[in-house]
Amino acid sequence: MNVFRDSRPAAAAAPSARPTPPPSLRQRLTELRGPGIRPRALDARALAALAANPGCRRRALLDGAGVDKGALAQALGSPAGHGQSRFALARGNSFEARVKADGGAELLRLLHARLPSGTPAPEEGEVAAPDLAAAGPEGRAARTALALREATAAGGWTLLDHPLLAVEVAGSPAYVEPDAVVVRPDGVWTVVEIKSFPMIDGAADAAKVGAAARQAAVYVHGLEGVAAQVTAHGERPARVGDRVLLVCPQDFSNLPTAAAVDIRKQLATTRRQLARLTRVDEIAAALPPDTTFDLHLADDGRTATRPADELAAAVETVDAAYAPECLAACELAFHCRGRSRERGAVETLGRGVRGELGSLRTLDEVLAAAAERTADAAAAPADAPGHGAGPEHPAAPERAPEAPGAAPDDTDPALAALRRAARLRAEALGTAGPPVPVPRTAPGAEDPVCR
């Protein structure tokens, strides 16, 4: 028997048997965003909101892929209800330009007055202002790091206007841009945050100051990485100050005033929450291969042509962690709230309620547990002395769970507290008398209840 051996067919078949390599992370994120769609850059406000809710894999993936969540929410039929008006933006830009006028003389005066360091105030023409222009975000971030290293080595006053910093978020780089960073002669870097809300009698709105502090914490977190590199390779050590300068309009005028804000608590929270974020590549790897958030924009570049049901199905492939606080920080909050209400999730009532309810995950489970305890309380008189179980008073059978998973563990402290509250409510309603009528007063007369 003659056997003809030829290796060419085997060699030709080898490439077909080779498994297809998985796409790179950048390629996968481009597929999720849609071909030809430029990624939407993150700002410090979005990063602070992401760090405040590290369990939301949906936001981590969409932000990491650069998806425009506002356009996505519009296409889903749940447009975002928050944002900043163009008038507020124009007022903020005008106020920032006034603060930075004349080479930042007023800004440095406020910094030296509110954050004294023992060094003399800078003289006119003594402050350096390096040019931070470069190609692309990577080039601008590298140029910022070089300017910070040169300013620290020079040992003088330096004002960096809108530097760009790189922050690693869920395994992918994000770039944030503070209003200004001041390098002092002692090597301390100070973040300057300029806001347009007023500071009346030396105090500003606490909620707005807290939001500004969380944003500044993101900037400080990004600066710490650069400071570590400068200290390791430079002659002089660099340190990022844990107090930032918040500049606001004074009272109801357009004159700038400032206050030092300690952000150590916000900085520690930002570090911890960013470290807890699931990596974007891990989230993307768990998705179906054909998942994409492409809106299929029309020729005008704004109108989405993809069906809303198909887009909603793609969004639902990524888990979300909705909380009422998302309404003020995320463009998809209304969509996530609607889905949470459809499922009857207790997260709709807030993180505090979710933590108190323990293993009870839905409102149906909560109501079922309360109704079960109320029924037991109503049947309690039948078991009292003189009313024992017998032929005339048979014992009530145990309540079976209405649905699978509706009966949680009886040892759950949250369940015990809920049943106790239901029993107390039933007793209060059973012993309460008829409602007392409130006398109605004549129009214009003083109501005695208001006294």
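At-a-glance table
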quantity: Residue in the stretch 282-290 that is part of a helix (DSSP H, G or I), touching a residue at least 60 places away in the same chain (Cβ under 8 Å), surrounded by 16 or more Cβ atoms within 10 Å (Cβ to Cβ) and within 19 Å of the chain's Cα centre (by Cα) present; calculated: yes
quantity: Yes/no for Asp294 being acidic (Asp, Glu) and either under 19 Å from the mean Cα position of the chain (by Cα) or surrounded by fewer than 16 Cβ atoms within 10 Å (Cβ to Cβ) (or both); calculated: no
quantity: Check on Ser85, modelled with pLDDT under 95, under 30 Å from Leu311 (Cα atoms) and exposed (fewer than 15 other Cβ atoms within 10 Å of the Cβ); calculated: yes
quantity: Tally of residues being of a type in the set (Phe, Trp, Tyr) and touching a strand residue (DSSP E or B) at 6+ places or on another chain (Cβ under 9 Å) across the stretch 86-112; calculated: 1
quantity: Hits in the stretch 243-259 - residues which are out of contact with any Ser or Thr (no Cβ under 8 Å at 6 or more places or on another chain) and crowded, with 16+ Cβ neighbours inside 10 Å; calculated: Leu246, Pro256, Thr257, Ala258, Ala259
quantity: Residue identified as within 30 Å of Arg58 (Cα to Cα), of a type outside the set (Gly, Ala, Ser) and buried (at least 19 other Cβ atoms within 10 Å of the Cβ) among Val220, Val191; calculated: Val220
quantity: Of the criteria (1) exposed (fewer than 12 other Cβ atoms within 10 Å of the Cβ); (2) modelled with pLDDT under 50, which one Arg399 fails; calculated: (1)
quantity: Listing of helices (runs of 4 or more DSSP H) fully contained in the stretch 27-143 that carry 2 or more residues being of a type outside the set (A, V, I, L, M); calculated: 57-65, 69-76, 86-99, 101-114
quantity: Hits in the stretch 183-232 - residues which are without any contact (Cβ under 8 Å) to a residue 60 or more places away in the chain, touching a Leu at 6+ places or on another chain (Cβ under 7 Å) and among the small types (Gly, Ala, Ser); calculated: Ala212, Gly222
quantity: Inter-residue pairs, beta-carbon under 9 Å, first within 15 Å of Tyr219 (Cβ to Cβ) and in the stretch 44-60, second buried (at least 21 other Cβ atoms within 10 Å of the Cβ) and among the polar types (S, T, N, Q), 6+ apart; calculated: Ala44/Gln215; Arg45/Gln215; Leu47/Gln215; Leu47/Thr270; Ala48/Gln215; Ala48/Gln266; Ala48/Thr270; Ala51/Thr270
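Let's see how each residue does on (1) modelled with pLDDT under 90; (2) closer than 19 Å to Gly187 by Cβ; (3) assigned to a loop (DSSP other than H, G, I, E, B):
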| residue | (1), (2), (3) |
| --- | --- |
| Val230 | no, yes, no |
| Glu235 | yes, yes, yes |
| Val247 | no, no, no |
| Phe252 | yes, no, yes |
| Ala259 | no, no, no |
| Thr270 | no, no, no |
| Gln273 | yes, no, no |
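The values are calculated or read from the model by the stated rules, or taken from the named source; none is laboratory data. Keep in mind that this is a model prediction, so the values were computed, not measured. Backbone-built Cβ (ideal geometry, glycine too); neighbour counts: all protein chains shown.
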